[in-house]
1. For the protein assembly as shown, with every protein chain kept in place, what is the accessible area per residue (1.4 Å probe, Å²)?
2. Pulled fully out, how much extra length does the chain show between residue A:159 and residue A:370, if you take 0.36 nm times their separation in residues and subtract their Cα-Cα distance?
3. Along each of its three principal axes, how wide is the spread of alpha-carbon positions in chain A, in whole angstrom units, largest first?
4. What spacing in nm lies between the two simple spin-label points modelled at residue A:468 and residue A:140, each 7 Å away from Cα in the Cβ direction?
5. Can you pull out the buried accessible area for chains A and B, both sides counted, probe 1.4 Å, rounded to the nearest 100 Å²?
6. Tally up the carbon and sulfur contribution to the accessible surface of the protein assembly as shown as a whole percent, 1.4 Å probe, everything protein left in place.
7. Where in the range A:338-353 does the label zone of residue A:274 land, with the point 7 angstrom along Cα→C-beta and an amide N cut-off under 11 Å?
8. With the Cα gyration tensor of the range A:3-189 giving a ≥ b ≥ c as the square roots of its eigenvalues, does the rule (a/c under 1.5 for rounded; else a/b larger than b/c for prolate; else oblate) give rounded, prolate or oblate?
Amino acid sequence: MTLRRGLWAIGLVALIAGGILFAIIAESPYTDDRGQLNELAPVIAWSFVGTGLWAWARRPENRTGALMVAIGFGWMLATLIVAQTPALYITGWVLYLLPYALLIHLLLAFPSGRLERRLDRVLVTGAYVPCLLLQAAQVVVFQPVDPCCGLARRENPLLITRDDGLFDALVLGQSVFSILALVALTVVLTSRFRAASETQRRALTPVLGAGVVMTVSLILTLTADLILASDDVEAIVDLIGRLAILCVPFGFLAGLARSRLSRAVAVSELVERLGARSEQRRPLRDALADALGDPSLSLAFDVGDRHVDAEGRTVALVAGAHTPVEREGRRVGAIVHDPALAEEEPAALRAAAGAVALSLENERLEAELRARIGELQRSRARMVEAEDAGRRRLERDLHDGAQQRLVALALTLRLARGKAEGALAELLDEAAAELQQATNELRELARGIHPAVLTDLGLGPAIGVLASRAAVPVEVAEVPADRLPAPVESAAYFLVAEALTNVSRYASASWAEVRIARANGSVTVQVSDDGVGGADPAIGSGLRGLADRAAALDGSFGVWSPPGGGTTVRAVLPCGS
Amino acid sequence: MALSVLIVDDHPTFRASARRLLEAEGYVVVGEAGDGVGGLAAAGVLAPDLVLLDVALPDLDGFEVARRLTAAPGAPAVVLTSSRDWSEIGDLVARSGARGFVSKDDLSGAVLAALEP
């Protein structure tokens with residue numbers, strides 16, 4: 001427990017330093033220079049250090065505690081400006097505005113203690129520049145002579161060269177710079193509060209409230225300085241500012257306490273919400289993240305011996321950063337959260353884990369089902385692709401094998417026929433006719449298995465061939481000029497082939513139209529005729545096969561066939577971009 | 001004078017039987033090629049009167065080879081052939097610059113003569 005020991009040591013140092021500071025203030029002849037309540041300084045410092053150490057011990061990885069402690073010590077250092085010893089007085093003078101810069105830093109970094117946004121880092125830099133650099137620049141060019149500008153006549157060992165004009169310019173620049181930075185800070189804090197959720201607001205209200213009061217009073221102080229308001233006005237404004245600053249550490253304490261309190265409330269709200277009707281229910285993860293105040297929270301589901309996220313990806317669980325969720329003694333998943341939450345709110349976590357067990361089990365089953373449906377869909381698409389590939393291969397084998405041999409045989413027969421006479425010639429003619437028949441049949445078979453024109457030349461020529469072979473006049477109204485993915489081309493081709501076969505067999509149509517259009521990442525294939533209608537996809541195995549094929553590609557398929565009103569077959573197939 | 005013929009086809013059995021048939025019917029087969037690029041090169045060197053060109057070649061498609069063969073002045077006559085039935089895509093044959101299409105099993109000197117210049 002070296003950290004705890006270190007924190008005790010810091011506390012002890014703060015206590016002693018505060019005591020010494022009291023003594024310095026008590027014997028200082030300068031404490032009334034600026035109408036300040038300097039006696040308040042050690043109290044303000046102790047309250048920052050005390051609350052800071054408490055927060056530091058509780059959440060060591062959160063830097064808020066350390067920042068609070070720094071403000072406390074900064075406050076003591078700044079108060080040294082009332083000291084008589086030149087070294088102490090100069091230290092206080094140079095660091096006079098450091099606590100304000102640290103305060104702005106704290107307000108912007110609350111509640112994590114880290115400056116997570118770029119805007120925050122810019123603003124904090126904008127606070128340190130006038131508070132440290134411009135202040136130090138003033139010190140080296142100014143020699144307090146009269147009771148001027150809040151500084152009593154004292155030696156300035158850091159003086160390089162006295163330049164009252166430059167000093168005035170630096171003070172003016174510092175004031176303007178600070179006012180701008182503070183206005184920006186007020187705007188940022190206000191909008192942050194507006195954007196916060198109900199639960200976050202409960203914790204933020206006291207802290208940001210005190211911060212905004214302090215900021216506004218600082219702006220007033222600086223403005224009063226700038227417009228040279230009377231000393232009474234300055235004194236009142238200064239007092240308000242100091243009291244507001246005294247509120248900040250207690251506001252911070254209240255914020256932490258309220259976040260603890262509100263967490264218990266939030267968990268009970270969560271339980272209530274989980275019982276709500278499904279249409280009012282928020283995603284479980286969001287509800288949990290909100291209730292436990294951890295936006296990084298996620299859910300893990302136990303599937304087999306793996307842990308997966310909502311998308312079915314395997315996730316690794318880190319000890320201390322997750323809380324198991326069990327249902328009826330069986331582990332169903334885990335809440336994956338900020339490790340600090342386990343240290344800080346173990347009871348709330350356990351309560352939440354118990355509350356969400358049933359919902360998480362449901363989501364686990366849904367995730368598993370989604371994963372299986374996805375796998376099924378993919379395997380069906382793979383089967384269709386494999387079937388297409390098989391058909392293409394079979395057609396190619398027929399073409400390269402049997403067809404070539406039959407062709408060679410036909411040519412040899414023709415050669416023989418040229419040299420033969422009489423009865424032999426007649427026999428050869430007969431053989432040639434038989435062979436012709438066989439060749440034609442084989443060619444038709446191969447074409448039915450998979451048309452080479454589709455593979456080699458694409459949909460346009462292939463649909464053209466289908467149209468020219470159809471029994472009724474077919475108008476090809478539209479076909480994409482570019483090649484499409486092979487499964488889409490095959491599906492579109494076989495759909496048109498089957499639909500045109502149906503037109504000539506059943507529709508008693510005088511005319512048909514084919515339209516294949518590609519738009520918005522999908523291809524619409526449509527075949528219409530002016531026939532008798534009344535086609536029923538539930539009866540014809542051909543149409544059902546087309547519906548299956550379209551579904552395997554994650555597409556849709558429909559038949560519109562009112563009696564006497566013609567038939568329209570349409571499929572919409574996804575097709576990349 | 002006998003017409004000179006270049007046969008471009010990736011099936012050796014077809015090239016052999018086509019050569020035998022055409023030579024028997026009075027043509028002079030001056031060369032053979034197994035793919036589109038080889039066919040284009042051979043046509044440049046041999047300057048045949050006629051190229052009997054398979055539609056489905058392993059490298060280029062036959063229509064493309066026909067387009068390139070017939071692009072130059074003094075180009076050979078090109079007749080496309082296949083064991084598949086490509087006769088229905090008539091405009092592709094015409095646009096390729098080929099004189100016509102003959103199914104492989106219908107090949108004969110008489111059919112070629114009908115398509116000759």
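The values are calculated or read from the model by the stated rules, or taken from the named source; none is laboratory data. Just so it is clear, the structure is predicted and the values come from calculations on it, not from any experiment. So basically every Cβ, Gly included, is an ideal-geometry build from the backbone, and we count neighbours across all protein chains shown. We work out accessible area using only protein heavy atoms, side chains counted, and drop any ligands, DNA or RNA first. Shrake-Rupley method; radii C 1.70, N 1.55, O 1.52, S 1.80 Å.
1. In whole numbers, the protein assembly as shown has 48 Å² accessible per residue.
2. Details: separation 211, 0.36 × 211 = 75.96 nm, distance 7.52 nm.
Value of the extension gain: 68.4 nm.
3. Dimensions of chain A along the principal axes of its Cα atoms: 145, 63, 49 Å.
4. 9.3
5. Using a 1.4 Å probe, the pair buries roughly 2200 Å².
6. 60
7. A:350-353
8. Here the range A:3-189 falls in the oblate category.
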